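The values are calculated or read from the model by the stated rules, or taken from the named source; none is laboratory data. Predicted model, so just to flag it, every value in this text is computed and none were measured. Neighbour counts run over all protein chains shown; Cβ positions are idealised from the backbone, glycine included.
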(Lines give C-alpha, C1' and ligand atoms only; values in the text may rest on other atoms or scores of the structure.)
Protein backbone atom coordinates (compact mmCIF):
# COMPACT_ATOMS: atom_id res chain seq x y z
CA UNK A 1 0.00 0.00 0.00
CA UNK A 2 1.45 3.37 -0.96
CA UNK A 3 1.51 6.21 1.51
CA UNK A 4 0.31 9.70 0.70
CA UNK A 5 3.05 12.06 -0.42
CA UNK A 6 2.87 15.09 1.86
CA UNK A 7 3.82 18.50 0.50
CA UNK A 8 3.99 21.65 2.59
CA UNK A 9 3.03 24.86 0.79
CA UNK A 10 4.38 28.21 1.94
CA UNK A 11 3.12 31.50 0.50
CA UNK A 12 5.55 34.40 0.74
CA UNK A 13 2.77 36.98 0.94
CA UNK A 14 0.51 37.83 3.86
CA UNK A 15 -1.95 39.89 1.80
CA UNK A 16 -5.56 38.74 2.16
CA UNK A 17 -6.04 38.50 -1.61
CA UNK A 18 -2.55 37.13 -2.29
CA UNK A 19 -2.08 35.68 -5.76
CA UNK A 20 0.61 33.44 -4.30
CA UNK A 21 -1.72 31.98 -1.68
CA UNK A 22 -4.25 31.50 -4.51
CA UNK A 23 -1.59 29.73 -6.58
CA UNK A 24 -1.03 27.32 -3.69
CA UNK A 25 -4.77 26.65 -3.50
CA UNK A 26 -4.73 25.92 -7.23
CA UNK A 27 -1.78 23.55 -6.73
CA UNK A 28 -3.76 21.70 -4.04
CA UNK A 29 -6.66 21.33 -6.50
CA UNK A 30 -4.33 20.11 -9.24
CA UNK A 31 -2.31 17.74 -7.07
CA UNK A 32 -1.87 14.27 -8.56
CA UNK A 33 -3.59 11.33 -6.91
CA UNK A 34 -1.83 10.28 -3.74
CA UNK A 35 -0.51 13.79 -3.05
CA UNK A 36 -1.70 16.00 -0.20
CA UNK A 37 -0.76 19.68 -0.05
CA UNK A 38 -1.06 21.47 3.27
CA UNK A 39 -0.18 25.14 3.77
CA UNK A 40 1.36 26.95 6.70
CA UNK A 41 0.66 30.61 7.52
CA UNK A 42 4.12 32.12 8.05
CA UNK A 43 2.54 35.34 9.29
CA UNK A 44 2.21 33.59 12.67
CA UNK A 45 5.98 33.28 13.07
CA UNK A 46 7.95 35.67 15.30
CA UNK A 47 10.79 37.69 13.84
CA UNK A 48 13.98 35.67 13.98
CA UNK A 49 16.17 36.52 16.96
CA UNK A 50 19.24 34.39 17.61
CA UNK A 51 18.75 34.93 21.34
CA UNK A 52 15.57 32.84 21.12
CA UNK A 53 16.74 29.97 18.92
CA UNK A 54 17.62 27.61 21.80
CA UNK A 55 14.16 28.12 23.32
CA UNK A 56 11.81 28.48 20.32
CA UNK A 57 8.17 29.48 20.61
CA UNK A 58 5.43 26.89 20.09
CA UNK A 59 4.66 28.17 16.60
CA UNK A 60 8.32 27.82 15.55
CA UNK A 61 8.40 24.26 16.89
CA UNK A 62 5.15 23.54 15.01
CA UNK A 63 6.51 25.05 11.78
CA UNK A 64 9.75 23.07 11.91
CA UNK A 65 7.79 19.88 12.64
CA UNK A 66 5.50 20.47 9.63
CA UNK A 67 8.58 20.93 7.42
CA UNK A 68 10.23 17.77 8.75
CA UNK A 69 7.03 15.74 8.27
CA UNK A 70 6.66 16.92 4.66
CA UNK A 71 8.13 14.89 1.82
CA UNK A 72 8.58 18.08 -0.23
CA UNK A 73 8.05 21.84 -0.08
CA UNK A 74 6.38 24.35 -2.41
CA UNK A 75 7.35 27.99 -2.07
CA UNK A 76 4.97 30.44 -3.74
CA UNK A 77 6.61 33.83 -3.66
CA UNK A 78 5.90 37.32 -4.89
CA UNK A 79 8.78 39.59 -5.80
CA UNK A 80 9.47 42.63 -3.62
CA UNK A 81 12.26 45.03 -4.58
CA UNK A 82 13.83 42.48 -6.95
CA UNK A 83 13.95 39.71 -4.32
CA UNK A 84 11.89 37.61 -1.92
CA UNK A 85 9.68 39.26 0.70
CA UNK A 86 11.08 39.76 4.19
CA UNK A 87 8.37 37.56 5.70
CA UNK A 88 9.54 34.61 3.58
CA UNK A 89 13.20 35.22 4.42
CA UNK A 90 12.22 35.32 8.09
CA UNK A 91 10.43 31.95 7.79
CA UNK A 92 13.45 30.42 6.09
CA UNK A 93 15.77 31.77 8.79
CA UNK A 94 13.54 30.67 11.68
CA UNK A 95 13.35 27.07 10.40
CA UNK A 96 17.06 26.88 9.56
CA UNK A 97 18.28 27.61 13.09
CA UNK A 98 19.99 26.81 15.35
CA UNK A 99 22.94 26.01 13.09
CA UNK A 100 23.10 22.29 12.43
CA UNK A 101 19.38 21.78 13.11
CA UNK A 102 17.80 23.10 9.92
CA UNK A 103 14.38 21.66 9.14
CA UNK A 104 14.99 22.36 5.43
CA UNK A 105 17.95 19.99 5.06
CA UNK A 106 17.60 17.63 2.11
CA UNK A 107 14.05 18.63 1.20
CA UNK A 108 12.94 18.53 -2.45
CA UNK A 109 11.25 21.77 -3.47
CA UNK A 110 9.24 23.53 -6.11
CA UNK A 111 9.30 27.30 -6.51
CA UNK A 112 6.35 29.09 -8.04
CA UNK A 113 5.51 32.77 -8.04
CA UNK A 114 2.81 35.19 -9.12
CA UNK A 115 3.04 38.91 -9.76
CA UNK A 116 1.17 41.56 -11.69
CA UNK A 117 4.39 42.37 -13.60
CA UNK A 118 5.30 40.89 -16.97
CA UNK A 119 8.38 38.97 -15.83
CA UNK A 120 6.54 37.60 -12.81
CA UNK A 121 8.93 36.62 -10.04
CA UNK A 122 12.09 35.64 -11.93
CA UNK A 123 14.51 37.56 -9.71
CA UNK A 124 12.87 36.45 -6.46
CA UNK A 125 12.93 32.82 -7.60
CA UNK A 126 16.61 33.11 -8.49
CA UNK A 127 17.40 34.51 -5.03
CA UNK A 128 15.41 31.71 -3.40
CA UNK A 129 17.36 29.13 -5.42
CA UNK A 130 20.63 30.63 -4.16
CA UNK A 131 19.44 30.24 -0.57
CA UNK A 132 18.56 26.62 -1.23
CA UNK A 133 22.21 25.87 -1.96
CA UNK A 134 23.14 26.74 1.62
CA UNK A 135 20.00 25.09 3.01
CA UNK A 136 20.83 21.86 1.14
CA UNK A 137 17.40 21.84 -0.49
CA UNK A 138 16.88 20.31 -3.92
CA UNK A 139 14.65 22.45 -6.14
CA UNK A 140 13.38 21.13 -9.43
CA UNK A 141 14.69 23.14 -12.36
CA UNK A 142 11.89 22.66 -14.87
CA UNK A 143 9.22 23.49 -15.54
CA UNK A 144 9.51 26.97 -14.10
CA UNK A 145 6.24 28.44 -12.87
CA UNK A 146 6.27 32.22 -13.17
CA UNK A 147 2.76 33.64 -13.26
CA UNK A 148 3.02 37.11 -14.77
CA UNK A 149 0.09 39.55 -15.11
CA UNK A 150 -1.55 37.53 -12.33
CA UNK A 151 -4.48 39.94 -12.06
CA UNK A 152 -5.64 38.60 -15.44
CA UNK A 153 -5.26 34.94 -14.47
CA UNK A 154 -7.18 34.80 -11.19
CA UNK A 155 -10.80 35.78 -10.67
CA UNK A 156 -12.13 38.03 -7.88
CA UNK A 157 -12.40 35.04 -5.52
CA UNK A 158 -8.79 34.03 -6.12
CA UNK A 159 -9.54 31.08 -8.41
CA UNK A 160 -6.95 30.38 -11.08
CA UNK A 161 -8.86 30.67 -14.36
CA UNK A 162 -5.98 30.62 -16.86
CA UNK A 163 -5.79 27.15 -18.41
CA UNK A 164 -2.16 27.47 -19.57
CA UNK A 165 -1.10 28.34 -16.01
CA UNK A 166 -3.14 25.48 -14.57
CA UNK A 167 -1.41 23.13 -17.01
CA UNK A 168 2.13 24.30 -16.09
CA UNK A 169 1.37 24.00 -12.36
CA UNK A 170 0.13 20.46 -12.96
CA UNK A 171 3.30 19.60 -14.87
CA UNK A 172 5.46 21.13 -12.14
CA UNK A 173 3.68 19.07 -9.49
CA UNK A 174 4.25 15.89 -11.50
CA UNK A 175 7.94 16.83 -11.78
CA UNK A 176 8.14 17.50 -8.03
CA UNK A 177 6.57 14.13 -7.23
CA UNK A 178 8.99 12.30 -9.55
CA UNK A 179 11.95 14.26 -8.12
CA UNK A 180 10.87 13.50 -4.55
CA UNK A 181 10.64 9.78 -5.30
CA UNK A 182 14.04 9.84 -7.03
CA UNK A 183 15.73 11.61 -4.13
CA UNK A 184 14.05 9.28 -1.63
CA UNK A 185 15.33 6.24 -3.50
CA UNK A 186 18.85 7.67 -3.65
CA UNK A 187 18.99 8.59 0.04
CA UNK A 188 17.11 5.54 1.28
CA UNK A 189 14.48 7.68 3.01
CA UNK A 190 11.03 6.19 3.27
CA UNK A 191 9.08 8.83 1.35
CA UNK A 192 5.75 7.98 -0.20
CA UNK A 193 6.06 5.07 -2.60
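Laid out as a table, the results:
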| read-out | value |
| --- | --- |
| Residues (on the phi > 0 side of the Ramachandran plot and either assigned to a helix (DSSP H, G or I) or touching a residue at least 24 places away in the same chain (Cβ under 8 Å) (or both)) located in the stretch 76-128 | 82, 106, 120 |
| Residue list for the stretch 25-61, restricted to those being touching a residue at least 60 places away in the same chain (Cβ under 8 Å) and out of contact with any helix residue (DSSP H, G or I) (no Cβ under 9 Å at 6 or more places or on another chain) | 25 |
| Residues that are under 23 Å from residue 14 (Cα atoms) and either at pLDDT below 95 or surrounded by fewer than 22 Cβ atoms within 10 Å (Cβ to Cβ) (or both), drawn from the stretch 104-124 | 104, 116, 117, 118, 119, 120, 122, 123 |
| Test: residue in the stretch 14-31 that is buried (at least 18 other Cβ atoms within 10 Å of the Cβ), in contact with a strand residue (DSSP E or B) (Cβ under 6 Å, 6 or more places away or on another chain) and in a strand (DSSP E or B) | no |
| Qualifying residues in the stretch 59-73 (those that are in contact with a strand residue (DSSP E or B) (Cβ under 8 Å, 6 or more places away or on another chain) and surrounded by 14 or more Cβ atoms within 10 Å (Cβ to Cβ)) - the one farthest from residue 92 (Cα to Cα) | 71 |
